[in-house]
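Okay, structure first, notes after.
The values are calculated or read from the model by the stated rules, or taken from the named source; none is laboratory data. Just so it is clear, the structure is predicted and the values come from calculations on it, not from any experiment. No Cβ is skipped: glycine too gets one built from the backbone with ideal geometry, and neighbour counts run over all protein chains shown.
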């Protein structure tokens, strides 16, 4: 890790390549100079990119128009983009952001590394706006405050925002390709002791069901001869594509993978795994390709993290054998937990069951609900999700006492494997018996599975009122709350 930080700090002594990689920004302004209307003002405009609005727009539009990259199909949930001066990395950044042009995201989480300010954990800001020459972007400060309150790694730390380029340079590209979004900015500290899996889990939990894009900001190898850089960067890209976070982090520590935004990329990889996504290289080049000097170059990569239709559970994908396997896993897990025995190992020789998947496990006793707990999103492999939620439904549903040994013979198991939620713009389009619902309003959130309205004998309006009650909201809150729907593969013993 020290080697990686060294490469990102070369700007302190190497002015010749000042904007090709992790270079120096303006002299640090005081906090009072950067609090106008609670706005973070640009600090590298005029250095890394033009400070004039018209010139900046012309430059970005030029990069985007020249990009000859085939569009990626599927839901793009994340991007990796470089953060050098635009004359060096602009074409590669454009290749990344071109992929989301015209798409809609409610929130963009931008994760970038600190190059100058040492601190532990991750810096967030509770300010209201982030400004570039293209205008102001509202900050999701309510989410920042919640993360800071609930997580030791999240710091209310403004200092890096007043000097850092790695996050700022991504914003004009975002403003050029998508509209009407908020940002949740995060800057990872030089003292990188936090657990990326915990960060990814917290971000996944605080943004459930929202239409979110995650952007990791990083450059790759720094100041090697062209051929050496290409070889090193190909190795780093390959490790990212493998989606093995632990292997990637170990490679970064021993410098097998060389990049300055290792923690942002690790967090994005962990998030993508939770959501069932995969990494795809969009474009690679280095400053030797864009600026001409190949004696000492900086590497840049554009990658997308995508969830495709084939990654989502579909009804024709679960065979009877797969259903029986999941039911057996649930039954064995519940019996072991209730009887105080050692949990059996979950070994499945089935690629689909070994993929990330979201599942609910419902327990009934003589037809009456006895427990129901699950995951809305794919936070772990499907087989493990079924096991863990079976145990939780039997022992940790707060509505019921834990299942007793004498009850096991009367317990029946139902499993619901969920598709990925999608926004429901018109609540009256919900399909009773087909769609499950997720409602979000403020800090209130509720979920109802597709089978619930059928079991309760509800019509469409009663279903909408029922999801409001589940979330602790007034019955008519569905009229102005955020709603999402999903489908489920439902099967039972």
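Odds and ends about this structure:
- Of residues in the stretch 120-140 being under 19 Å from residue 191 (Cβ atoms) and not in a loop (DSSP other than H, G, I, E, B), the one farthest from the chain's Cα centre (by Cα): 120
- Residue within the stretch 294-302 that is touching a helix residue (DSSP H, G or I) at 6+ places or on another chain (Cβ under 7 Å) and surrounded by fewer than 23 Cβ atoms within 10 Å (Cβ to Cβ) present: yes
- When the criteria are applied in full, residue 273 meets the requirement of being surrounded by fewer than 24 Cβ atoms within 10 Å (Cβ to Cβ), part of a helix (DSSP H, G or I) and within 16 Å of the chain's Cα centre (by Cα).
- Every condition in (1) surrounded by 18 or more Cβ atoms within 10 Å (Cβ to Cβ); (2) under 21 Å from residue 260 (Cα atoms); (3) at pLDDT below 95 is met by residue 195 except one, and the failing one is (1).
- Against the conditions (1) at pLDDT 95 or above; (2) under 21 Å from residue 206 (Cβ atoms); (3) in a loop (DSSP other than H, G, I, E, B), residue 109 satisfies every one except (3).
- Consider the stretch 212-231 and keep the residues that are in a loop (DSSP other than H, G, I, E, B) and under 31 Å from the mean Cα position of the chain (by Cα). The one that is surrounded by the fewest Cβ atoms within 10 Å (Cβ to Cβ) is 221.
- Reported count of residues in the stretch 153-197, each being part of a loop (DSSP other than H, G, I, E, B) and under 13 Å from residue 119 (Cα atoms), is 8.
- In the stretch 41-66, the residues that are crowded, with 20+ Cβ neighbours inside 10 Å and in a loop (DSSP other than H, G, I, E, B): 42, 43, 44, 48
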